[in-house]
Amino acid sequence: MSSKHGFVVALGLLVALLACFALRPSPSTAQAAGATTQVTLYAVADATIDSAHPTVNYGLAPTLTVASTLSPASGPLYQQTLLRFDLSTALPANAIIDRAELDVYLLSVSGPERVQLTAANLTESWVESGRGGVTWDTRPATGDLVITGLWAGSKPLNSYLPAWDITPIVRAWQQNWANNHGLVLRGADDQPAFVRGLAGRECVGRYCGTARVVINYSLPPTATPTSTPSPTRTPTPTDTTGRVTFTATPSPTRTASLTATRTPSPTGTSTPTSTPSGDITAPQSAVSFMFYFQRPDVTISWSGTDAGSGIAYYDVQYRDGSGPWSDWQTGTTATSALFHGVRGHTYGFRCRARDWAGNQEAYPVDPDLTIRIGKDLTVTVRDEFGSPRSGARVFFNDAYLGDTVGDGTITAPNCVPGDTLSALYLVYQKNNVKRPTTYAWRVYLTSVPITNDGTPQLYQVSDLNFGPAPVLTVRRDQPLIGFNVMLSVEWDAPQAYLDDLRAGTLLASDFVYDYTDGQFFWEHIEIKDNRVGWSTATDIRVQLHNKTWPCASVWGITMGNAGDNHLYVGRIFRRYASLSDSWTDPVAWSVFGHEWGHYGFGLWDEYLDAKGNDTSIGCASGFWNVPQARRSSIMFYEWKSSELCSTFDPNHKHRTDTWHNTASGGESTWQTVLRRFKDTQNPPRWILRSPVERGAIVPGPAAIPVTSWRDAVVTNAYAGACPPFDLWTSLNGQPITGTEIWLEGAHPDLPEGVTDDAGHIVIYGAKNGDTLKAQKGNSTGSMPVACTAGPAALGAAAASELALQPNPFTVEAGVVPVSATQIQVRAQITASLLGSPGAVIWPVAAEQPLTVPLAYDSGSGRYAAVATLDPDWGVQGHVRVFATSTQGFTVEKLVPFRIEAVVASEATIVRSPDDVVELVLPAGSLSSDAVVSVQPVTVGSAGQDGLVRVGEAYEILVSTGQSALNTTAYLHMHYPPVASGVLSPTLGIYRWNEASQRWLALGGSVDGEISRVSVGVNGLSVFAVLGQPAGAQRLYLPLVLKHR
């Protein structure tokens, strides 16, 4: 006899399938009269019919759809769901149906929160899938039983909706089971457009549930259960996943139909019970159909029956697109296998069966089954008012897809469920004053809302066959402001360093995104080394000096290059001795976020009180009682916070006694950000929201959800630098701590920094022909650089040792501020000189030095000269004073400098050139406008009375000569993180008394978290930090712990 077979496909891994019929009481079990029994029946067939695709069968779709939409081209469009349940063996013949309810599983929604559906009985038979599978054009007729008022809400998703009462329809089926053709679910008339996605029988996974009918029935008093076996099949236990095993029944004809089934029983073949004879006809193939599949891994199933000898085996072939057919499964008795497809590819499948009589059908010319992995979707971007937005940037998963065209659309190719989409729509661009050909920041409207728990909500593709077309709505209250950030590295840096710096800036971008509740980020990051862009274009200057403390000009992003309005960091930032030398350390990248608060947002520090004193109060109450994800402020402790200050939370409220509050005129940091970036147009093009407007402090988002929203480009301008190498300095065979190291050569001087406790430093950027120089007090040393030049990634150069020698005479040099653009270089020299000494002045941004001769002033006993600086060079840098004695010895002294203009009526913070020292001058502390400098000097002893000096001494000078202050100023001095051998609690600030040649104790508070000592001062002089050595005898007192 002939055999017949068909295909079925299922997503994901092959699963063991169970028969799923209602479990009814055994016929031999008595049921009490009047007692209520409940039975649950799962759909045995389901399909969606679609008026937009009237000839397409969707019987194998994992999602069912009920929808009513409007097409501008063709008018109203409808999608309806057909369901059929097998009740014939589920109820006793004399059962009295008390109530029957329909449960459907909600997967997706679009449109109003509540829509009304109707259910109607079907009066004609229909085929779920395959040959003759139901379509819109072949939909069955409906009967007179129409149940209205079936409300379908928008929640809860991924669960069953509240049950609908369909008792009249089920009672009608009971009267004549032959008339049970199922029911249709459709939208009620006169409703706005809507879509409801429901789980179908083919839905596989955690969030799936087959449609079901729950029937409560009772028996009449006279009814008695019979033990006579039912002539129908015995049902198997209920499978709550709704998976059903179907087998095709023998056909009296020799024409096979394509049977759309789930995976058939594993025993898909039979053994002949007699010698086959008389069977000479081969089976025929079924028609093909098309379906979009959700995942690349698809379980393909096939089946067949034979009324005579039975099927012996199957052969299955596939083809990719219109390519040649290839054998996939040959001579197999299996009835399913997992096919591994490729997204975007279309595959055809065909099979043939051979029975035990030896009959084998020919392969059909066309496929039995055609599937495509993924589907092209038309994505529409519109604004909150429904207008399409052309030119919106659309991102598909984590990649830039393209810009929308005139009607606001773009095609996303080969989508599968779980793919994400997002859109950015540009509404404003701020010109860049440092790089006039580009932008400082851009304002986008996004399609990504952020919940109050900090989760960005990207659009997710759901069902490919019946899910709604993606619409991305960009809203004014979902802005995203992207900064254009350039970093210039002072030296010819190795690639590994540049890569690490790039990684740190990406983390800093995430940090900015976090503390602004997902409304700001670093969009374009450009990193250049070898001083490219250093003088005129950069935002952030990465200095080689290892002691540079980070600092930034407030609101510097809006200022030009004149006046040195930049953000500075050193080669690495190590707040603690234990930190790694990597920008990916949270303490390192978070300092970028803090300094960007100054530079990019125009904020002031919040670790200082209103007078400029470090009282450790912070900007918000209850600092340590709030989780770090909700703690403010990053202008206080950036590495232990993730928010800006606001007035929202009464238990974590903005304090007014901060430097920011004073300098901003009474604002919290959030209020300052809102003011600076508010759109002044009416109506506004974008609307920023702080926790006050949100009504919540948002703990996150911790990272940008789409990394391709931004880019970070590294340009390695390699110019022959040696790989980094280790240098040790010594004097009389002993390592020297704090030795100043710099490079001189055919390039601007490169101050490397100071050596650690072991006399060690890593040298970067050196080139063959350079001279490496060192100084410590009146001892100096130098050595030529010799290495195998090559890209830094090739390896490290050999370590070197530089022995210092005492100089034959002393050169003490300093820089005195004269005006906003002038400095005086002074030098005291203890030798008779051969000619005049000179000074080589290297402003920080200069590409060529300014060399001036020093003239002797007999009145002061000094050599001096006044130099005028170009404002574009910056008002900081270093000076090298050199002198040659009559004996022919040359001594050189390097002195860093920085000058800052102070308006007497305004509060100002003045910093040392290495940013180790901050002097907070309240308004009125100076009698008149002046220029102030803070610079390291060699004045004063290295210790006294058992105390040792930690770090350098610093002198504060005013161009007017004023030394006594009108009001108390606050001095903050950072000490080296590796202050080994000194007890932190004993540290204090001391003032040098020239007359007594002693350090006078001023006291001060020690902040070990940031390695800083602070004290109020009423006069300007030379200051240093001193402390007690760890080995000295000390008195132990009760320990009081206090959070900072």
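The values are calculated or read from the model by the stated rules, or taken from the named source; none is laboratory data. All values derive from a computational prediction rather than experimental measurement. Note: ideal-geometry Cβ built from the backbone for every residue, glycine included; neighbour counts use all protein chains shown.
A few comments on the model shown:
- Residue match in the range 561-576 (condition: touching a residue at least 40 places away in the same chain (Cβ under 8 Å) and in contact with a His (Cβ under 8 Å, 6 or more places away or on another chain)): yes
- Just one of the listed residues (ALA362, ALA357, ALA353, ALA337) is in contact (Cβ under 8 Å) with a residue 40 or more places away in the chain, under 22 Å from ALA61 (Cβ atoms) and over 28 Å from the mean Cα position of the chain (by Cα), namely ALA337.
- Residue check, TRP596 in a helix (DSSP H, G or I) and under 22 Å from the mean Cα position of the chain (by Cα): yes
Conditions (1) of a type in the set (Val, Ile, Thr); (2) buried (at least 22 other Cβ atoms within 10 Å of the Cβ), marked per residue:
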site	(1), (2)
THR451	yes, no
GLN457	no, no
VAL461	yes, yes
PRO468	no, no
ARG475	no, no
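- Filtered residues of the range 175-195 (kept if in contact (Cβ under 8 Å) with a residue 60 or more places away in the chain and either in contact with a Ser or Thr (Cβ under 7 Å, 6 or more places away or on another chain) or assigned to a helix (DSSP H, G or I) (or both)): TRP177, HIS181, VAL184, LEU185, ARG186, GLY187, ALA188, GLN191, ALA193, PHE194, VAL195
- At least 2 residues being surrounded by fewer than 21 Cβ atoms within 10 Å (Cβ to Cβ) and either assigned by TED's automatic domain parsing to the domain that holds ARG826 or among the polar types (S, T, N, Q) (or both) is the threshold, and among the strands (runs of 3 or more DSSP E) wholly inside the range 866-966 those reaching it are 876-884, 890-902.
- Residue list for the range 164-195, restricted to those being closer than 14 Å to VAL104 by Cβ and either of a type in the set (Lys, Arg) or surrounded by fewer than 16 Cβ atoms within 10 Å (Cβ to Cβ) (or both): ASP165, ARG186
- Failed condition for ILE687, given (1) touching a Cys at 6+ places or on another chain (Cβ under 6 Å); (2) aliphatic (A, V, I, L, M); (3) modelled with pLDDT of 95 or more: (1)
- Pairing residues of the range 935-949 that are under 28 Å from VAL825 (Cα atoms) and free of Cβ contacts under 8 Å to residues at least 40 places away in the same chain with residues that are crowded, with 20+ Cβ neighbours inside 10 Å and β-branched (Val, Ile, Thr), at Cβ distances under 6 Å and at least 6 apart in sequence or on separate chains, gives no pairs at all.
- Enumerated strands (runs of 3 or more DSSP E) restricted to the range 401-497, each holding at least 3 residues that are modelled with pLDDT of 95 or more and in contact with an Asp or Glu (Cβ under 6 Å, 6 or more places away or on another chain): 471-489
- Filter result for THR780 (assigned to a strand (DSSP E or B), of a type in the set (S, T, N, Q) and more than 30 Å from GLY402 (Cβ to Cβ)): yes
- Of everything listed in (1) aliphatic (A, V, I, L, M); (2) crowded, with 17+ Cβ neighbours inside 10 Å; (3) within 20 Å of ALA774 (Cα to Cα), the single unmet condition for ALA831 is (3).
- Number of the condition not met by ASP398 [criteria: (1) at pLDDT 95 or above; (2) under 17 Å from THR707 (Cβ atoms)]: (1)
- Given (1) buried (at least 17 other Cβ atoms within 10 Å of the Cβ); (2) modelled with pLDDT of 85 or more, number of the condition PRO54 does not satisfy: (1)
- Qualifying positions in the range 96-134 - assigned to a loop (DSSP other than H, G, I, E, B) and either at positive phi or surrounded by fewer than 20 Cβ atoms within 10 Å (Cβ to Cβ) (or both): GLY111, PRO112, GLU113, THR123, GLU124, SER125, ARG131, GLY132
- Check on GLY951, of a type outside the set (D, E, K, R) and within 29 Å of SER819 (Cα to Cα): yes
- Test result for TYR568, part of a helix (DSSP H, G or I) and hydroxyl-bearing (Ser, Thr, Tyr): no
- Under the condition of being in a loop (DSSP other than H, G, I, E, B) and either within 26 Å of VAL982 (Cβ to Cβ) or free of Cβ contacts under 8 Å to residues at least 40 places away in the same chain (or both), the residues counted in the range 710-747 number 7.
- The range 286-376 holds strands (runs of 3 or more DSSP E) entirely within its bounds, and those carrying 3 or more residues that are surrounded by fewer than 18 Cβ atoms within 10 Å (Cβ to Cβ) and among the polar types (S, T, N, Q) map to 326-332.
- If the condition is being within 24 Å of HIS598 (Cβ to Cβ), in a helix (DSSP H, G or I) and touching an Asp or Glu at 6+ places or on another chain (Cβ under 7 Å), then the range 498-533 contributes only TYR515.
- Checking the range 423-437 against the condition returns a match, with at least one residue being touching a helix residue (DSSP H, G or I) at 6+ places or on another chain (Cβ under 9 Å), polar (S, T, N, Q), surrounded by fewer than 21 Cβ atoms within 10 Å (Cβ to Cβ) and closer than 19 Å to VAL512 by Cβ.
- Leading residue by the ranking (farthest from VAL920 (Cα to Cα)) among those in the range 973-1013 that are part of a loop (DSSP other than H, G, I, E, B) and either aromatic (Phe, Trp, Tyr) or in contact with a Gly (Cβ under 7 Å, 6 or more places away or on another chain) (or both): LEU983
- Flag for ALA508 being over 24 Å from PRO843 (Cβ atoms) and crowded, with 21+ Cβ neighbours inside 10 Å: yes
- Every condition in (1) β-branched (Val, Ile, Thr); (2) more than 23 Å from THR451 (Cβ to Cβ); (3) touching a Lys or Arg at 6+ places or on another chain (Cβ under 8 Å) is met by THR656 except one, and the failing one is (3).
- Residue within the range 788-806 that is of a type in the set (Val, Ile, Thr), touching a residue at least 12 places away in the same chain (Cβ under 8 Å) and either crowded, with 18+ Cβ neighbours inside 10 Å or in a strand (DSSP E or B) (or both) present: no
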